[in-house]
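Q: Let me begin by handing over the structure; questions about it come next.
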Amino acid sequence: MLGLEDTRVVDVSFDEEGLVVDIKPTWRRPRCSECGQPCGSYDRQRGRTWRHLDLAGMTFKLRYDTRRANCPRCGVHVERVPWAETSSWFTRAFEDHLAYLAQRCDQTTVGGLMRVAWETVGSVIQRVMARKQPEDLLEGLTVIGVDELSYRRHHEYVTVVVDHVTARIVWAHRGKNAETLKAFFDELGPERCAKLEAVTIDMSAAYIKAVTEATPEAKLIFDRFHVQRLAQDALDQVRRAEVRQADVEDKRALKKTRWALLKNPWNLSRIEQEKLSTLPAVNIRLYHAYLLKEALAAILDGGQINVATRKLDEWISWARHSRLAPFQKLVETIHKHAAGILAYVSSGLSNGRTEAFNGKARTITRRAYGFHSAQSLIAMLFLCCSGIHLEPIFNYPKPAVGSPQSTH
Ligand SMILES: [Zn+2]
């Protein structure tokens, strides 16, 4: 019934939460948790328990007095047990089931259904990922994207690398400076770096430095997603400055435009459309800022590269003469990085895909709030965005003869 290998049942009892089953490994001498060798026994820890998959609505715990193995090679370590990772308080079957749920459900559902603290889920996912992750995700990369994710209310950052061909996450590390990204290229190694054809990044100097140093041959592309976000930020700055200066009535009208201004025109609701239609009369400067944002998006929509180049030139001169300080500042950044921005148009990369990945990654980051380490967040990102397929754990009755069976 347990579906555990190399495990023998010694006794069955109940505690206040459910069933407690005393078990033992089938081997007699303790095995070193580092190297797996049978060793001499050092001492014993009484009554350690592990959660296994629930039974008939009750919790199901396994109990065993773990020994410490005295390994001639590795020293004294707690022994290896067949049903769980050495550091875990859960069986592998329980952990795999939990990871399956965490991949698909929200925090409340996972914690409530499995009766575990959300914080615990983070460390469980880390162990599951260590078991399931393919050996080398960095093999065969040609077009990659680098992005940063903020978490813990924007106090901390994680740099992620995405394979644009498969739309999967392949690398992640805490931090967002040039050193962080350099660690990725170091791991990739010079041979695989040389195979990179293009790298999409935001316009941060730290990333630019790391990419150009590690892979000078690869085309540097500035993600339109980031370029447009800068334009949205500039527009929002204009809006706030105008609100500050407006009289009471205009203030009210302007305040309501915030979300309408940032949306794509075709996503506007009727009410938002009406708000925007009065904008030229209420505040012409803000209206110009809005047109600048939209025009930039239209240029990045693609088409022929020579047309986009000409239009971007026009846009730069228009923004320069706009007398809108945030756009005048933005235009210098865009002018400086025009080649990389236009490289996006000719790259044929799908913005939808990047944006979809970004949206997903941000949802996961929000969901991972409450995990206490960057490692847990990273494990969650890999769990959900690296193409790992998990199944719920089901067991079936087996005849009592023969050796114990596997969990599947
Ligand atoms: Zn050992």
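The values are calculated or read from the model by the stated rules, or taken from the named source; none is laboratory data. Just so it is clear, the structure is predicted and the values come from calculations on it, not from any experiment. Because the Cβ atoms are built from the backbone with ideal geometry, glycine has one as well, and the counts that use them run over all protein chains shown. Accessible surface areas use protein heavy atoms only, side chains included; no ligands, DNA or RNA. Shrake-Rupley method; radii C 1.70, N 1.55, O 1.52, S 1.80 Å.
Q: Please go through the range 243-276 and pick out each residue that is surrounded by 12 or more Cβ atoms within 10 Å (Cβ to Cβ) and either touching a strand residue (DSSP E or B) at 6+ places or on another chain (Cβ under 6 Å) or of a type in the set (Val, Ile, Thr) (or both).
A: Once the filter is applied, which keeps residues that are surrounded by 12 or more Cβ atoms within 10 Å (Cβ to Cβ) and either touching a strand residue (DSSP E or B) at 6+ places or on another chain (Cβ under 6 Å) or of a type in the set (Val, Ile, Thr) (or both), the range 243-276 yields Val243, Thr257.
Q: Would a scan of the range 96-103 turn up a residue that is within 17 Å of Leu390 (Cα to Cα), surrounded by fewer than 17 Cβ atoms within 10 Å (Cβ to Cβ) and either away from the ligand (no atom under 16 Å from the Cβ) or at pLDDT 95 or above (or both)?
A: Within the range 96-103, none of the residues are within 17 Å of Leu390 (Cα to Cα), surrounded by fewer than 17 Cβ atoms within 10 Å (Cβ to Cβ) and either away from the ligand (no atom under 16 Å from the Cβ) or at pLDDT 95 or above (or both).
Q: Right, something else. What is the residue count in the range 119-131 for residues that are hydrophobic (A, V, I, L, M, F, W, C) and surrounded by fewer than 17 Cβ atoms within 10 Å (Cβ to Cβ)?
A: Count: 1.
Q: Okay, moving on. Looking at Val110, Val81, can you tell me which residue is open to solvent by less than 20 Å² (accessible area, probe 1.4 Å), within 16 Å of the ligand (Cβ to nearest atom), under 30 Å from His372 (Cα atoms) and β-branched (Val, Ile, Thr)?
A: After ruling out the rest, the residue left standing is Val81.
Q: What pairs come out if I take residues in the range 355-366 that are open to solvent by 70 Å² or more (accessible area, probe 1.4 Å) and pair them with residues that are of a type in the set (Phe, Trp, Tyr) and assigned to a helix (DSSP H, G or I) whose C-beta lies under 8 Å away, six or more apart or interchain?
A: Pairs found: Glu355/Phe225.
Q: While we're on this one: Out of the residues in the range 42-65 meeting the condition of being among the hydroxyl-bearing types (Ser, Thr, Tyr) and away from the ligand (no atom under 16 Å from the Cβ), tell me which one is farthest from Asp96 (Cα to Cα).
A: My answer is Tyr64.
Q: Determine, yes or no, whether Glu187 is touching a helix residue (DSSP H, G or I) at 6+ places or on another chain (Cβ under 8 Å), open to solvent by 60 Å² or more (accessible area, probe 1.4 Å), more than 25 Å from Ile393 (Cβ to Cβ) and modelled with pLDDT of 90 or more.
A: Judged against the criteria, Glu187 is not a match.
Q: Also, I was wondering about something else. Among the numbered criteria (1) within 16 Å of the ligand (Cβ to nearest atom); (2) touching a residue at least 40 places away in the same chain (Cβ under 8 Å), which single criterion is violated by Val121?
A: (1) is the only condition that Val121 fails.
Q: Let me ask you something else. Looking at Cys74, Cys32, Cys39, can you tell me which residue is over 37 Å from the mean Cα position of the chain (by Cα) and within 16 Å of the ligand (Cβ to nearest atom)?
A: None of the others qualify; the one that does is Cys39.
Q: Now, a different point. When you go through (1) over 15 Å from Arg92 (Cα atoms); (2) touching a helix residue (DSSP H, G or I) at 6+ places or on another chain (Cβ under 9 Å) one by one for Arg28, which number turns out not to apply?
A: (2)
Q: Filter the range 29-76 down to the residues that are part of a strand (DSSP E or B), open to solvent by less than 80 Å² (accessible area, probe 1.4 Å) and hydroxyl-bearing (Ser, Thr, Tyr) and list them by number.
A: Once the filter is applied, which keeps residues that are part of a strand (DSSP E or B), open to solvent by less than 80 Å² (accessible area, probe 1.4 Å) and hydroxyl-bearing (Ser, Thr, Tyr), the range 29-76 yields Ser41, Thr49, Thr59, Tyr64, Thr66.
Q: Filter the range 1-28 down to the residues that are farther than 29 Å from Asn70 by Cα, open to solvent by 80 Å² or more (accessible area, probe 1.4 Å) and under 40 Å from the mean Cα position of the chain (by Cα), then identify the one that is farthest from the ligand (Cβ to nearest atom).
A: Result: Glu16.
Q: Given the conditions (1) under 30 Å from Pro216 (Cβ atoms); (2) modelled with pLDDT under 90; (3) of a type in the set (Asp, Glu), and given that Glu332 satisfies all but one, which numbered condition is not satisfied?
A: With (1) under 30 Å from Pro216 (Cβ atoms); (2) modelled with pLDDT under 90; (3) of a type in the set (Asp, Glu) applied to Glu332, the lone miss is (2).
Q: Now for a separate question. With the checklist (1) of a type in the set (D, E, K, R); (2) assigned to a strand (DSSP E or B); (3) over 24 Å from Met114 (Cα atoms) in hand, flag the one item Asp22 doesn't pass.
A: Failed condition: (3).
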